[in-house]
Amino acid sequence: METIYKNKKLIAMFLVAATIFARCDLGLALGKQYVLANLAAAALSAVFCLILMIKDKATAKEALFNPAIIWVVAFSILVFIYGHFKLGVCSDMYSRQYHILTVVPAVFIMIMLYYNMDDVLDIISVAACAVIPLTLVTSLLFDPVWLQLFDGNAYRVGATPAGTCVDTGNLMLIMLIPLMYQIIINRKFKAYLWAALLAVAQIVASGSKSSVLPIVLVIAILLLGSAKDKKTLRRSIIILLILGVAGVAAIMLVPALYSIIGERIVEMFTGIGSTDYDLHTSTGQRMAVIAAVKEHFVEHPLFGHGFYAFKEMPYSLLEEYRPNDGVEIAYRHIHTHMNFLELLFSFGIFGFVMYYWFPVYLAIKSFFTKNKMAKLLVLSFLVSFVFMDLGIDMFYKYMTPYYTYLVAYVFLKKKEN
């Protein structure tokens, strides 16, 4: 036990990487072997956390009794009650196993980081350096669309057993943020630049607007937030302008990049505000969803319609598809594809507040903390999640929000340097 405690940083690096890879790359949906991989990572983490807590009970108390745990437990109980007891118009999506293996591993990661409070950035950075290439390998083995890309066709790629290319793009963005801090602030180019570039490449290949657009904002937060004088600030602004212009030019002028991501960004700007919803496009579907939620939310505004209820409604027939070898045109039910709307429609204002009070709490704490590293990293995480929550519903299906918010909380607990 003493040996384990002395090597707690190295063990934490391995287990954080293993947990993220198991849950966010292998997932739980495709069979027994994937579930077993998640159970193995969770079991090892549980044993390690137990050893740490037996060794240091004072830190255990801090790790288990705090606002982050209150948030996780309270919101998880809410989701369980709605999903298990099928309150209101409830979809059939809820699974206790899925729910537990989504939330609990993130709590284990937070406990491990509590016991390595002075090394949190190093641990999540090294874990990211492991997860980023493993994600690429997993996607290459799993996603057949890579073959089309290698043949010269401009397709979005990056799907893994855990999710679509959009999910991979979002995961890469969260893995990228600590690496960008290490590169921009700590100047650790040799250790982390390769992984950061690999993550950016996967984000672009995924064609995910929700993970491409925040990259410049994160760089802006890190550059401008770390500027110590006016000269450095002016230089940072010039760098941002150059990066912004170069990025936009590449996306709009390089044919392959335009097909993967540029066309989708143009479609987003042209589709927003239109009342003639083009259900062939992602933006058109989302605008139709927003209109439907806006019309029917007032039916049950306080406690919502039920767990993922929107997909069960007749007005959610908004996604066009072509059965019978493309001969016919039909429409199928979709969920809201937006965390804000899904929470409001499913759980009402009550559930929305139950989920988002904690990110708001983190944002407020980050503005007042004197720990500059915590301030910059937490703001980078939160800004990124504004975009991700606009693009997909995160509260039930993904570990990434729980991982990110709990890691952010640990950063804010770290004493001022």
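The values are calculated or read from the model by the stated rules, or taken from the named source; none is laboratory data. None of these values were measured; they are calculated from a predicted model. Note that we place each Cβ from the backbone using ideal geometry, even for glycine, and neighbour counts take in every protein chain shown. We work out accessible area using only protein heavy atoms, side chains counted, and drop any ligands, DNA or RNA first. Shrake-Rupley method; radii C 1.70, N 1.55, O 1.52, S 1.80 Å.
Tabulated data for the structure shown
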| item | result |
| --- | --- |
| Spin-label model distance (nm) - L302 vs E2, 7 Å beyond Cα toward Cβ | 6.1 nm |
| Members of K32/K86; K9/K230; K57/K190; K8/K188; K190/K370; K32/K188 lying beyond 31 Å, as alpha-carbon distances in this model show | K9/K230; K57/K190; K32/K188 |
| Extended-chain gain in nm, criterion 0.36 nm per residue less alpha-carbon gap, I77 and A201 | 40.8 nm |
| Placed amide H near K188: partners under 5 Å, 5+ positions off or other chain | I183 |
| Normalised contact order of segment 20-118, rounded percent, pairs of Cα under 8 Å and 6 or more residues apart | 33 percent |
| Those lysines that a straight Cα-Cα span of less than 16 Å connects to K397, excepting residues fewer than 8 apart in one chain | K311 |
| Cβ-based net charge around P67, under 12 Å, with every Lys or Arg adding one and every Asp or Glu removing one | +1 |
| Exposure ranking of F345, F108 by accessible area [1.4 Å probe, largest first] | F108, F345 |
| FRET efficiency estimate (nearest 0.05) - Cβ-Cβ, M117 to V383, R0 35 angstrom | 0.90 |
| Selection from A196, Y82, M53 lying farthest towards where the dipole of the chain points positive, charges on Cβ | M53 |
| Other-chain or far-sequence residues with amide H under 5 Å of E319's (modelled H) | R332, I334 |
| Mean separation of Cα contacts under 8 Å (6+ apart) over length of the chain, as relative contact order % | 19 percent |
| Cα-based shape type of segment 1-75, given that a ≥ b ≥ c are square roots of the gyration tensor eigenvalues and the cut on a/c is 1.5 | oblate |
| Two-site label geometry, H84 and K188: point separation in nm, points 7 Å out along Cα→Cβ | 4.1 nm |
| Computed E for R332/Q97 - FRET, C-beta separation, R0 22 angstrom, nearest 0.05 | 0.25 |
| Carbon/sulfur fraction of accessible area - the chain, other protein chains in place, 1.4 Å, % | 68 percent |
| Cα gyration tensor, segment 92-161 - rounded (a/c under 1.5), prolate or oblate | oblate |
| For segment 372-417 versus segment 1-50, the gap between their alpha-carbon centres in whole angstrom | 21 Å |
| Solvent-accessible heavy-atom area per residue, rounded to whole Å², over the chain at 1.4 Å | 46 Å² |
| Segment K9-A363, length gained on full extension (0.36 nm per residue, minus Cα span) | 124.7 nm |
| L240-Q148 pseudo-label distance in nm [points 7 Å out on the Cα-to-Cβ vector] | 3.7 nm |
| Segment I51-M252, extension gain: residue separation times 0.36 nm, minus the distance between their alpha carbons | 67.0 nm |
| Exposure of R23 as accessible area (Å², to 10), given a probe of 1.4 Å and all protein chains | 10 Å² |
| Dipole moment magnitude, nearest 20 debye, the chain about Cα centre, only Lys, Arg, Asp, Glu C-beta charged | 2000 debye |
| Gyration tensor (Cα) of the chain, equivalent ellipsoid semi-axes in angstrom | 33, 28, 22 |
